[in-house]
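The values are calculated or read from the model by the stated rules, or taken from the named source; none is laboratory data. In this text, all values refer to a predicted model and were calculated from it rather than measured experimentally. Here Cβ is always computed from backbone atoms with ideal geometry, including for glycine, and neighbour counts include all displayed protein chains. These area figures cover heavy atoms from the full protein model, side chains too; ligands, DNA and RNA do not enter into them. Shrake-Rupley method; radii C 1.70, N 1.55, O 1.52, S 1.80 Å.
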Amino acid sequence: MPENLLAPGAVLALWTLIMLGWAAVTRFQAFGKVGLDLKTAPPGGRGVDLEGVLPPLTNWKSHNYTHLLEQPTLFYAVIIFLHLSGGSTDLTRGLAWAYVVLRVIHSLYQATVNRVPVRFAIFALATFCLIALALLAVIATLG
């Protein structure tokens, strides 16, 4: 495991961009199948406008990309707090990597199978890692 606590954040940032690419490719492929042409799209259209137009399996990738721009933003802040306050330990690095691995698993599951009970369980495990990291960040910054 790399000694740098920021490495998991860099990996998750890259994964987020991979999901963006997967969502974009999948959507552009689906446009032709459902008869959408970007040249004739009305002004101001947004991704949410494609709900019910594109197949769910196509939209799931975009949903996950959105999710990777929500809770993980807190993860980035927490690992920076830990890094700057000397809170980089085997425990915090392990929790950070566990969070990233769980988020990648969550992405793959949501983008392909997307059964909510399983997806929620993966999300909950990742959230527990983030809660532990946040508590350790508070201890590190106050200590």
Inset, instruction - Note the listed values (i) 2, 10, 18, 18, 15, 12, 9, 7, 5, 3, 1, 0; (ii) 2, 10, 19, 21, 17, 13, 9, 6, 3, 1, 0; (iii) 2, 9, 14, 13, 10, 8, 8, 8, 8, 7, 6, 4, 2, 1, 0, then indicate which one is P(r) over Cα pairs in 5 Å bins from 0, in percent calculated from this particular structure. - result: (i)
Legend entry - THR66 versus LEU17: modelled label distance in nm, points set 7 Å from Cα along the beta carbon direction: 2.4 nm
Legend entry - Highest average packing first - 109-116, 33-40, Cβ atoms within 10 Å: 109-116, 33-40
Inset, instruction - Could you please state how large a percent of the accessible area of the chain is carbon and sulfur, counting protein chains only and using a 1.4 Å probe? - result: 73 percent
Inset, instruction - With everything on Cα atoms, drop me the angle between helix 7-34 and the longest principal axis of the chain, reported from 0 to 90° to the nearest 10. - result: 10 degrees
Inset, instruction - Would you mind calculating the gained length between VAL34 and TYR76 on full extension (0.36 nm times residue separation, minus the Cα-Cα distance), in nm to one decimal? - result: 11.3 nm
Legend entry - Accessible area expressed per residue, the chain, with surrounding protein chains retained (probe 1.4 Å, Å²): 56 Å²
Inset, instruction - Give a residue-ordered list of calculated ³J(HN,Hα) values for segment 53-60 (Karplus: 6.51 cos²θ - 1.76 cosθ + 1.60, θ = phi - 60°; whole Hz; x for Gly, Pro). - result: 9, 8, x, x, 4, 6, 5, 4
